[in-house]
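Notes follow the structure.
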Amino acid sequence: MSLPNAPELPPAVSQPDWQMAVARGLNREAERLIGPNPALARQRLDDATRIAREIGANNVLAMSLLLRARLHYAEAQFDDALRVCNEAAIIAVCDGDVAVQAQTLSGLSAIWASLGLGAEALPHLEAAAEFLTDTEDAAGLALVRSLLGGVEAQLGRSEAGLRQFELALAGFRTLGLRDRVVETRHNIACVYNLDKRFSEALALSMQNAVEAKRYGNITLLAHIDATSVEAFCGLGRFDEAVAHARAALSQARAGSRGELDVMLWLGIALDKAGSADEAFNVLRDTLQKSEAAGMPANGALLSALVGICRKMDNAIQANQYEGIIGQGTHEEQTHVTRLRLKALEASVELQGTRLRFGHAEADRARLKAQLETNERLLDARGAPDQIRHSVLLPETAAAPIGFDHLFDGAACGFRLAYQPIVDLSVGNVTGFKVLLRWNHPMRGNMLPLEFVSHLETSGEITTIGHWVLRQACEDLALLQRETSRALRVSIDVSPRELERAGYAAEMIKVVQEANLAPCAVELDLTDGGTLPVHAQALQQLRQLRGDGLRFAMNYHGSAFTDTAVALLSRIKIERRSVSGISCDERQAANLRAIVQAVRMPLFAHGIEGAHQLAALRALGCEDGFGFAFSAAVPLDIARLLVNRNFVDFPCCRSPQAELA
């Protein structure tokens, strides 16, 4: 075979080394050709893949497959993109090169995130960041940060996303990677539009467009133009939006996602400018092209079509589009489900490989939990009519799983541990954080990381949660007799529990039967930073709030909604934020701003040192818990701590040792 531009073999270079150099060169050339010449890019990747397989160069092979996945994705062949990219990641994990592992995991995550599967992408991006922590791959780390920014924004945490994008942008600028700089600035402009910062989005997009044209990045240019049109619309400059979109379509690649983005915003701009008929035609064509490319229906596109149909008194068509928005057609539901199943299948295979080849015990434990969860989800989604398997009683897996309000957790090996919540100003114990532990009959003592997700999947979290509430209220009544100060317990609650009918009424009954004031129980909402949107859950939260119970929820760097402000009692600062609060002035400033805006007290998790304590005090944090005061202890030790004063805040001191 004659290779294009193949160098002569120098006398001092071995044949395999020369072949590896050629394969790497082919990969680099293919990467440049994916956008402008996909057919030639495929030829180069075919050659690179064949050479890499011949000489056993797994790292080169993994990169060839990663680039092939990008090519499939550019051609809207999403199934093939997922399959090939997952194969690349598995090869990289088996080979052990952390830089290539990070690149392949990032590539796979990017595909998932772009398909709306950000939650599935996040664990692999975090793993990629871990791989790059101890390397000198600044470009790889910047890329992972950029992808993390996109996933954070997709999951509704725009401030966290912007922070990641800014870190990525600084890295790309330092390295002189011009295309990456433009891509990252484009992502920032998209977040600005999401936050309704339209003037900033427009200014940044105009700058991005100039540089994209200069560097010949036509694929990215279409997406940049769509962002500019969106910003024009946000500013009410609809005629300019229409003109800009028409100009952008004249140079966009036909059938590309960028072209569809521009068409969507052209239709919206035409509608806003008063040209409803033309807007309808443009948006209808956009929907048809999306369906032909196998892409899921775009919610913004369908909403725009509904609005136009209503204006045109076309109720039948409007109802049809509303039906797609509310329920989705059978074909679209099947398509989305199939994509999610593909992602889960890929995740199971990849996590299993990482588990076999992993070294760090903590990483192995986390992967095992993720793997088992995804296997269970895959079973449930692949065969929804099958009965769910019980985590608690696997020998009765054929029995239906339902809510059991008389469940005896202690008999099944569950127990509660209590970590003192301390008033940061005076050092008194104000209550206890309730933590669940499980002594499994076969696997021994397990932490929540290892079993809570399984309980969520099986549905048994509702039964366990009810037992935790009953036991914690009984224990609090006992603890309260040891002190004259009013105590409270903070209990984690899952969205699955809130969605169960009757949850609120049963909870109030449990609190009353324990002779506790409702304000003595605080629910810690473990929902990833947003209040549940399920109507049943919101209704029950309002009922519990009206009866006097308290709620805390994570602070993730973004403003709280009016619903959150109305329901929450306190803002919870999670362990990750506490660990960086003393060295990240921007994070502290954001916390100060949101506390002033919503005027709610702060509750800190995971306080481990005096420097964190000082920063939390400066923020006006009311109380918190962590190893700076005490580890989680059994009830009998907790009884000895209720009157303990932590004014000296000893770090990592064992209360058992002191009280022995």
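The values are calculated or read from the model by the stated rules, or taken from the named source; none is laboratory data. Because the structure is predicted, anything quoted here is derived from the model rather than measured. Because the Cβ atoms are built from the backbone with ideal geometry, glycine has one as well, and the counts that use them run over all protein chains shown. For accessibility, only protein heavy atoms count, side chains too; no ligands or nucleic acids. Shrake-Rupley method; radii C 1.70, N 1.55, O 1.52, S 1.80 Å.
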Q | Tally, over region 32-48, of residues that are in a helix (DSSP H, G or I) and touching a residue at least 24 places away in the same chain (Cβ under 8 Å) | A | 7
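Being open to solvent by less than 40 Å² (accessible area, probe 1.4 Å), without any contact (Cβ under 8 Å) to a residue 40 or more places away in the chain and acidic (Asp, Glu) is the requirement here; does GLU120 meet it?
Spelling it out, it is not the case that GLU120 is open to solvent by less than 40 Å² (accessible area, probe 1.4 Å), without any contact (Cβ under 8 Å) to a residue 40 or more places away in the chain and acidic (Asp, Glu).
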Q. So which of LEU616, LEU635, LEU640 ends up being closer than 16 Å to LEU416 by Cβ, hydrophobic (A, V, I, L, M, F, W, C) and modelled with pLDDT of 85 or more?
A. LEU635
Q: Please work out which one of (1) open to solvent by 10 Å² or more (accessible area, probe 1.4 Å); (2) in contact with a Gly (Cβ under 8 Å, 6 or more places away or on another chain) is the condition VAL100 fails and give its number.
A: (2)
Q.
For region 422-438: of the residues being buried (at least 19 other Cβ atoms within 10 Å of the Cβ) and β-branched (Val, Ile, Thr), which is farthest from ASP475 (Cα to Cα)?
A. VAL422
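Give the residues of region 462-505 that are part of a loop (DSSP other than H, G, I, E, B) and touching a Pro at 6+ places or on another chain (Cβ under 8 Å), sorted by residue number.
GLU499
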Q. Looking only at region 515-528, which residues are open to solvent by less than 20 Å² (accessible area, probe 1.4 Å) and outside any helix (DSSP H, G or I)?
A. VAL521, GLU522, LEU523, ASP524, LEU525
Q: Hey, can you tell me all the residues within region 603-633 that are open to solvent by 40 Å² or more (accessible area, probe 1.4 Å) and either at positive phi or touching a helix residue (DSSP H, G or I) at 6+ places or on another chain (Cβ under 9 Å) (or both)?
A: GLU608, ALA618, GLY620
Q) Taking region 41-52 on its own, how many of its residues are touching a helix residue (DSSP H, G or I) at 6+ places or on another chain (Cβ under 6 Å) and either open to solvent by less than 10 Å² (accessible area, probe 1.4 Å) or more than 11 Å from ALA30 (Cα to Cα) (or both)? A) 6
Q. List pairs: first in region 186-197 and more than 11 Å from ALA153 (Cβ to Cβ), second in a helix (DSSP H, G or I), Cβ under 6 Å, 6+ apart or cross-chain?
A. HIS186/ASN208; HIS186/ILE224; ALA189/ALA201; ALA189/LEU204; ALA189/SER205; ALA189/THR227
Q) What number of residues in region 170-225 are closer than 20 Å to GLY258 by Cβ, in a loop (DSSP other than H, G, I, E, B) and not polar (S, T, N, Q)? A) 1
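Going by the structure shown, is GLU497 at pLDDT 85 or above, of a type outside the set (A, V, I, L, M, F, W, C) and open to solvent by less than 30 Å² (accessible area, probe 1.4 Å)?
So GLU497 passes the test.
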Q: Taking ALA128 as meeting all but one of (1) open to solvent by 10 Å² or more (accessible area, probe 1.4 Å); (2) under 30 Å from GLY216 (Cα atoms); (3) free of Cβ contacts under 8 Å to residues at least 40 places away in the same chain, write down the number of the exception.
A: (1)
(Q) at pLDDT 70 or above, over 33 Å from the mean Cα position of the chain (by Cα) and open to solvent by less than 40 Å² (accessible area, probe 1.4 Å): is that true of VAL306 in this structure? (A) no
